[in-house]
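Read the structure below first, then the notes.
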Amino acid sequence: MTTRIPTGRDYNALVQEDRVHSAIFTDEQIFQDEMERIFHSTWLFALHESEIPNAGDFKRLQIGRYPVIATRDEQGEIHLLINRCRHRGAQVCESSHGNTRRFQCWYHGWTYDTRGDLVGLTGPEAYDKDFQCEAHGLTRLPRVESYRGFVFASVAREGISLSEYLGPTKPYIDIMVDASPTGELQVKPGVVNRTRYRGNWKQVGMDGYHPHYVHMSVFKIFSKRESTTGSAVGALHLEDPFADTSKSRTRGFPNGHACLDFREQRRPHADASIEELRRTEEGARYVDDMVGAYGEERAHDLIAWHGDPHLGLFPNLQLIHDHVRVVIPISPGETEVLMYPVFLKGVGQSINEKRLRAHEAFYGPAAAGSPDDAEIFERTQRGLLADADPWVQLGRGIQREEVDEDGSVAACISDEITQRAQMQEWKKLMTRG
C-alpha cells in the first residue's frame, strides 16, 4: 500500500504540533532526503575516545551513508577518515577495530597511514610527474569535535559548533561521566549488543509512556527484588519512576534532544544507595572517592543517579542506563542499534561487573528489555503501512508543558514532549533551504 503523502512532500505539512504523518516512517524518498538533510548536515555521534586509546588504534563505523575509519595517530590525534581508496574506491579497512600503522587497499596496493596520508603508491613510475601523493590521501570528515570524551562529526563543512548543538544537554552528559570519581569512562570498541529490527530509525526515541505496557513483565520481576542500587537499570524499580505522580519528568531541548529525567525521583534514595555500597570494601572506597572528587552533596546526587542521564541526542545517540546506544538507519523499514556498555575508571572491578550484569539482564539478546522494544517497533512499522488514517498522535501532555530554567520544555514522565521535540527538529532540518 502506498502511503498518502501531502502534495509535493511538503515537510511542513507532514509534522504538525501534536501529530505526524505516517509517511515519514515508510516513504523511500523521504528516507533518502533524511540522509542528506539530517545525517549529512548536522552533528552525529561517532565514538568515545576510549575506544581507540593508543597510537595506531582504529575503529570502523558508519556516519550517514559514509563508511568511516576512526584512527589515533602517533601524536595522539583522532582522525575520522572516509573508508574509500582514492584510486578506484575500494574500502581499505575491513576489520571492525584493531591496531595498525598502515591501511593497504586490497585492490591495487595503495597504502595510507593513520592520518590518512597516501604513503605507498604502487608502480609510481607509471604516473604523471605532476601526480602528488599529498593530494590523494583518504578524505577526512570536515568537522570533528568532542565533549568529555564523546566524539562527534559532521559531513557538512559549515554549521553550528558542537557546543551550540549540545546546548543545555551538557550537564546531563556530565551525569554519566562524573559517575566515575576520576571523571573518565571506558567504552570498548567491540559491540556487545547489536539489534536489527524491521522498523524506522525514528521509533528509537525517549518514551516514558510505554514501560508500564511493553515492559510489564520486567517490572513485575523488579518489584520482587530486594537489591535496588548499584546500577541504573536496578534503580528503575525504586518506587515507580514511570508514574505521572512521581517526580520523574520528560524533557525536550533545542536541536531535537530529549530525556527522561529521573534525577528528582532518585535523589531521595541516595542514602540507601550509599548504605548498600558501603557493605563491600570496593563500594565503600567508591563512595569515599566520589566525595573526595566532587564534595558530599554532588557525590550523593551522582551516586543516586547511577550515571544515567537517559538522554537522547538527535539524531543518532542515546545515553541510557549503563550504555551508549548508536542508531544506524538502513532503510525506511530497517534500523540497526548498537549498544556499548560503559565502564567507570577509578573504581573497583566489582562496581563495573555489576553494571555489566545489569546491562545484560535488560538489554542483552536473552533479556526482556531490548527484545520487547524491537518487537513493538516491528509491530508499529507494520501498522504504519495501513495508512487509511495516516496521522500518528503525539499530543499527550501538550496542555501541561512548562519551560524550565535551562530552556528545556518539561512535563510528566509519560507525556510526549520528547517525541514532539524530535519531530520539530526533524521538520526544521528537512525544510531548511
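The values are calculated or read from the model by the stated rules, or taken from the named source; none is laboratory data. Bear in mind the structure is a predicted one, so any value in this text is a computation, not a measurement. Positions of Cβ are generated from backbone atoms using ideal geometry, with glycine treated the same way; all protein chains shown enter the neighbour counts. Quick note on the areas: whole protein, heavy atoms, side chains included, nothing else; ligands and nucleic acids left out. Shrake-Rupley method; radii C 1.70, N 1.55, O 1.52, S 1.80 Å.
In this structure, Val119 and Asn54 have a Cβ-Cβ separation that, at R0 = 22 Å, corresponds to a calculated FRET efficiency of about 0.65. Select from His359, Ile63, Pro309 the residue farthest towards the positive end of the dipole of the chain; place +1 on Cβ of Lys and Arg, -1 on Cβ of Asp and Glu, and compute about the Cα centre. So the residue furthest toward the plus end is Ile63.
Only DSSP H runs of four or more residues enter the estimate; each adds -39500 (n - 2.57), and after division by the residues of the chain the mean residue ellipticity at 222 nm equals -8000 deg cm²/dmol. What shape does region 169-430 take by its C-alpha gyration tensor, where a ≥ b ≥ c are the square roots of the eigenvalues and a/c under 1.5 counts as rounded, a/b above b/c as prolate, and the rest as oblate? Here region 169-430 falls in the prolate category. Counting 0.36 nm for each residue step from Tyr107 to Ile398 and taking away their Cα separation leaves a gain of 99.1 nm.
Straight-line cross-link reach from Lys59 at under 19 Å between alpha-carbon atoms covers these lysines, not counting any fewer than eight positions away in the same chain: Lys188. Accessible area of Arg355 (1.4 Å probe, protein heavy atoms only, ligands and nucleic acids ignored): about 10 Å². Value of Rg to Rh for region 228-369, rounded to two decimals, is 0.99; Kirkwood radius and Rg both from alpha-carbon coordinates. Shape analysis of region 96-187 yields a ratio of the Cα radius of gyration to the Kirkwood radius, Rg/Rh, of 1.15.
Give me the percent of the accessible area of region 169-430 that comes from carbon and sulfur atoms, probe 1.4 Å, all protein chains in place. Can you show the working numbers first?
On the way: 5370 of 10700 Å².
Taking all protein chains in place, region 169-430 shows 50 percent carbon and sulfur surface.
At full extension, Glu134 and Gln16 could sit 37.5 nm farther apart than now, given 0.36 nm per residue minus the alpha carbon distance.
When every alpha-carbon pair in region 45-148 is counted, what percent end up more than 18 Å apart? List each step's numbers first, then the result.
Values: 2401 of 5356 pairs.
Percent of Cα pairs beyond 18 Å in region 45-148: 45.
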